[in-house]
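We did not get these values from a lab; they are worked out from the coordinates using the rules stated. These figures come from a predicted structure and were not determined experimentally. Every residue, glycine as well, gets a Cβ built from its backbone with ideal geometry; the counts of neighbours run over all protein chains shown.
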2 protein chains.
Amino acid sequence: MALDYPNFAFEILHRDPDSRARVGRLSTPHGTIETPNYIFCGTKGAIKNLSPRQMREAKTDIILGNTYHLMIQPGAELVAEMGGLHEFNRWDGPMMTDSGGFQIFAMGHGSVADEIKGRNKSRVKSLMDISEEGARFKSYWNGEDLMLTPEKSIDVQRKLGADLIYQFDECTAYHVDRAYTEESMHRSHRWGDRSLAEFERGHDGRQALYGIVQGGVYNDLRLESCAWTKDRPFFGTAIGGCLGGSTEEFYEITGWCMPQIHQDRPVHLLGIGAIPDIFNCVRMGIDTFDCVSPTRIARHGWALAKGVPGNRINLRNARYRNDPEPLDGESDLPASRDFSRAYIHHLLKVGELLALQIVAQHNVSVINRLMREVRAAVRAGTLDSLEKEWLGD
Amino acid sequence: MALDYPNFAFEILHRDPDSRARVGRLSTPHGTIETPNYIFCGTKGAIKNLSPRQMREAKTDIILGNTYHLMIQPGAELVAEMGGLHEFNRWDGPMMTDSGGFQIFAMGHGSVADEIKGRNKSRVKSLMDISEEGARFKSYWNGEDLMLTPEKSIDVQRKLGADLIYQFDECTAYHVDRAYTEESMHRSHRWGDRSLAEFERGHDGRQALYGIVQGGVYNDLRLESCAWTKDRPFFGTAIGGCLGGSTEEFYEITGWCMPQIHQDRPVHLLGIGAIPDIFNCVRMGIDTFDCVSPTRIARHGWALAKGVPGNRINLRNARYRNDPEPLDGESDLPASRDFSRAYIHHLLKVGELLALQIVAQHNVSVINRLMREVRAAVRAGTLDSLEKEWLGD
């Protein structure tokens, strides 16, 4: 099978001589972004608390939507009837959707974060059955029996109409053994081939498909999965599945994959975007990240900050009660520059939702600034000193 | 006692020959607004879900803060330490604060809406004691015993630093009898004189004081209270207290007061702002309105609309599930113009708070448009036909 992506391009503009880090240019029908970059999660068709204009004001380049949530509510047919997800949520820039698999399996086994981080908490399980055909699960919305197959995932993603879309795969959990991981990976490869076939059937040039590297924590399986994606006509590659139970293991596994995958394709790291991880993974050659964290932590009153321990401050803390300083006096974003920490502390304390909007926009802006600085540092060969500035070393 | 307000002015620019309606210009140290106008409620120091920039974008002229809520949290001293309420919440235009009395008494007896509308529901009562000195009540925040007196109310309002401030008064409930209403009114008058004395002691020209007409549903008491406010050096007059149990009674009581109060001062109608009421009360000579409704109904998914029954549509209604129309395609406000009703319906359905921001800004914008059109219609003598356009006659 051969596939062309005439309306898409990925060019590598600069390579770091001391690492695998690279600066690239990723072109889509909805615009061109520079990489490394960060894809913000518009889970249910909206970034939490922020409009597309507020995302633009925070200098956002690209967002994503979750196939799983959108197929459940409002449904892919409705989004298609409304002109697609770009028209529906009014984001006119590049957009990605995932395959839906991650949520089915993560919510099926327990919480997402618990699973990929190896914690074992009990939770309502919605996954009912995995077969060669696909995955059967219960809708958290109305209890309805739903089925996601490679063909259905591609069909839903086509109706949503994002620029960058994903093959259907199973995201294995930390607690599964090698035999299951291997079996699951081979099924995900077969699901990937069916995703490619379905993608090709409807291919009109508006979308580009990513393949996903599985294989859990096992070196030989990861290498086999790298080879599998490399041999398929995907536009991009994603590193998915279980990345171990510790940061060290996650870096080790990612490090195995990066030299083995297709070197000319953009590489996305699924669901990961903590600031220290961004520095480490950019060095390994990752081009794009996504994580719900910037807007999720905003809802708990955490504001991201450069050069402070943990890269964030807790605005609920009593120390900010009378702090007249803004979140970032040097920012050109009004949300970061205009309100005192004392005011945001007050808003959080009395439950005014305006706080979430202010802090979410600030956090998005901080991450976008980080990514701009990372790209400049890769070009200048100064990533190590930038990392020290950010991590507050 | 004589008081000057050198930094304030109220000029009447146009009078309707067929009613008491008038167009005025109200000048404050933070800017000049035209009247009739609408004062949006920033209850706890923020308009629900909207930043000052979003309020400006919706063409807002003036907002208010609630003394009662702000003295409880974060406290007037903290707001003063942060430079006053304008600096704290970053609204740089004209601002009003109330005296705090309304919430003490309304929350003291039951819910605000129940009381002024004559319904009798039980609720936790926080009011502990009313004496000549003032009102003692329990903080809903931490159970602390608090006292509000005329002197304390003026002191708190001075620390908050709004342009337009209010005498301390008791807002009587619908269920009280004539004897109590009379006793309370006379005490409110004495509190008004103490408010004036305290205001004069600290008067530095930055603030202007409104007196409040009480007297409940009793004609002679209302006239006595009108005369009392007229004889005092207040900058403005407010119609307060219980305005009866029906719209007819409310219009009747307001109608008694309007010819009797000081004719050259701006007149505020406390806590009322439904669209039919605005037309009727502008005809009676009311200059400013305030009500929490535009942002409160937004939180329940109601969008204001010109010319439809009830002047609002319920975006949660299933009929909007696939409605591609925006809230108002002719608006220059992106929130009103850019999102389909189907998208907002979806956001409300899945609990995305972005919906509240969109609908709140739309509603504020609709009310500001209404007030612009009302001013133009008073000037043109076309208020009756404008009312028909709005109410969907």
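Per residue of peptide A:352-362, the mean number of Cβ atoms on other chains within 10 Å of the residue Cβ is 4.
Considering only chain A, what is the antiparallel percent among its DSSP beta bridges, to the nearest 5? Taking every DSSP beta bridge within chain A, about 50 percent pair in antiparallel fashion.
Each residue of segment A:298-315 is assigned a 3J(HN,Hα), and the resulting list reads 4, 5, 9, x, 8, 10, 6, 8, 7, x, 10, x, x, 6, 7, 10, 9, 5 Hz, derived from the Karplus form 6.51 cos²θ - 1.76 cosθ + 1.60 (θ = phi - 60°), x at Gly and Pro. Tally the DSSP beta bridges in the protein assembly as shown and give the antiparallel ones as a percent, rounded to 5. Taking every DSSP beta bridge within the protein assembly as shown, about 50 percent pair in antiparallel fashion. Considering only B:PRO17, B:PRO276, B:PRO294, the Gaussian network model of chain B with Cα springs below 10 Å gives its largest mean-square fluctuation to B:PRO17.
Name all residues of segment A:227-251 having a backbone nitrogen under 19 Å from the label point set 7 Å from the Cα of A:LEU391 along its Cα→Cβ direction, giving them as ranges. Backbone N within reach: A:245-251. Which pairs in the list A:LYS48/A:LYS159; A:LYS138/B:LYS349; B:LYS230/B:LYS306; A:LYS59/A:LYS388; B:LYS44/B:LYS152; B:LYS44/B:LYS388 are over 26 Å apart, alpha-carbon to alpha-carbon? Beyond 26 Å between Cα atoms: B:LYS230/B:LYS306; B:LYS44/B:LYS388. Would the protein assembly as shown count as rounded, prolate or oblate if I go by the C-alpha gyration tensor, calling it rounded below 1.5 in a/c and otherwise prolate when a/b exceeds b/c, oblate otherwise? Note, shape of the protein assembly as shown comes out prolate. Among A:PHE40, B:PHE8, the order by Cβ neighbours within 10 angstrom, fewest to most, reads B:PHE8, A:PHE40. Arranged from fewest to most other beta-carbon atoms within 10 Å of their beta carbon, A:TRP256, B:TRP191 become A:TRP256, B:TRP191.
Cβ crowding within 10 Å ranks B:ASP193, B:ASP287 as B:ASP193, B:ASP287, fewest other Cβ atoms first. Between segment B:1-75 and segment B:125-192, the C-alpha centres lie 22 angstrom from each other. A point 7 Å from Cα along Cα→Cβ stands in for A:ASP332, and the other copies hold the same point at 2.4 nm, listed in rising order.
In a fully extended conformation the segment linking A:ARG316 and A:SER126 would gain 65.0 nm over its present Cα-Cα distance, using 0.36 nm per residue.
A convex hull fitted around the alpha carbon atoms of segment A:302-385 yields 87 Å³ per residue. The shape of segment B:9-291 can be summarised by an equivalent ellipsoid whose semi-axes, obtained from the alpha carbon gyration tensor, come to 25, 24, 18 Å from longest to shortest.
Ranking B:LEU26, B:THR67, B:PHE339 by Cα position along the charge dipole of the protein assembly as shown, where only Lys, Arg, Asp and Glu carry charges on their C-beta atoms, puts B:THR67 farthest toward the positive end. With respect to chain A, whose longest principal axis is taken over its alpha-carbon atoms, helix A:150-160 is tilted by about 40°. Taking each DSSP H run with n ≥ 4 as -39500 (n - 2.57) and averaging over every residue of chain B yields -12500 deg cm²/dmol at 222 nm.
The charge dipole of segment A:247-393, taken about its Cα centre with unit charges on the Cβ atoms of Lys, Arg (+1), Asp and Glu (-1) only, comes to about 500 debye. The mean number of Cβ atoms from other chains found within 10 Å of a Cβ in peptide A:345-351 is 5, as a whole number.
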